[in-house]
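The values are calculated or read from the model by the stated rules, or taken from the named source; none is laboratory data. All figures in this text were calculated on a predicted structure; none of them were measured in a lab. Quick reminder, even Gly has a Cβ in these numbers, built from the backbone with ideal geometry, and neighbours come from all protein chains shown. Side chains are part of the model used for accessible areas, which takes the heavy atoms of the whole protein and leaves out ligands, DNA and RNA. Shrake-Rupley method; radii C 1.70, N 1.55, O 1.52, S 1.80 Å.
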Amino acid sequence: MTKGGIVEAETLTEHAQRVAVPGWLTALCRLFAGIGGLTLLVMMLMTVTSVILRGVVGKPIPGDFELVEVGSAIAIFCFLPWCQVNGGNVLVDFFTQRSGPRLNHILEAFGDLIYLLITGLLLWRLTHGALEMRQYGEQTMVLRLPIWASFFVILPAMALLVATCAATFWGHIKGVLA
């Protein structure tokens with residue numbers, strides 16, 4: 001667009017509408033993201049070491065793929081609350097990029113409500129699944145690690161995601177009412 005011969009940049013909503021969440025919640029999300037990052041770092045170092053051992057000695061780290069599998073699950077669940085608190089989830093704004101903040105808050109509140117319901121359901125089922133895995137003594141194939149032990153990190157991360165979804169939902173509701 002031009003105005004008086006000067007080209008003006010269009011204001012488009014390419015990112016989620018930012019909402020205020022409690023500082024303690026953001027700090028907790030950051031802590032869990034740090035745990036996820038540390039988990040990724042450990043997996044990377046273990047994988048590199050295993051590949052080097054395989055190439056030099058002919059013997060990789062036993063069960064390295066199992067450790068990567070469990071570590072990946074932990075890392076993913078630890079990153080989800082940070083992604084939500086920063087509005088980093090995928091946003092399809094093709095039809096709403098020129099709409100105002102109020103409509104965007106309404107749509108994002110609706111999306112957060114759906115996400116909140118889904119994460120609540122997942123937390124409930126993951127808790128049930130972890131208890132069943134513990135009851136049946138389910139283990140990894142090679143290392144015989146109890147699978148339910150990874151849920152000591154996954155379940156709190158999922159509970160944090162539920163709390164974060166509730167906080168961002170409420171933030172968008174306040175944005176609609178403002």
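Structure data summary
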read-out	value
Selection count where residues are of a type outside the set (A, V, I, L, M, F, W, C) and either without any contact (Cβ under 8 Å) to a residue 12 or more places away in the chain or outside any loop (DSSP other than H, G, I, E, B) (or both), scope the stretch 89-102	3
All positions within the stretch 22-53 that are within 25 Å of Asp64 (Cβ to Cβ), out of contact with any Asp or Glu (no Cβ under 7 Å at 6 or more places or on another chain) and open to solvent by 50 Å² or more (accessible area, probe 1.4 Å)	Ile35, Leu38, Leu40, Leu41, Val42, Met44, Leu45, Val48, Thr49, Val51, Ile52, Leu53
Scope the stretch 97-126; condition touching a Leu at 6+ places or on another chain (Cβ under 6 Å) and either within 15 Å of His172 (Cα to Cα) or hydroxyl-bearing (Ser, Thr, Tyr) (or both); matching residues	Thr119
Count of the stretch 81-137 residues which are surrounded by 12 or more Cβ atoms within 10 Å (Cβ to Cβ), among the acidic types (Asp, Glu) and under 22 Å from Leu155 (Cβ atoms)	1
Subset of the stretch 130-149 [closer than 17 Å to Phe65 by Cβ and in contact (Cβ under 8 Å) with a residue 24 or more places away in the chain]	Thr140, Met141, Val142, Leu143, Leu145, Ile147
When residues of the stretch 54-76 are limited to those that are part of a loop (DSSP other than H, G, I, E, B) and open to solvent by less than 50 Å² (accessible area, probe 1.4 Å), the one nearest to Leu160 (Cα to Cα)	Gly63
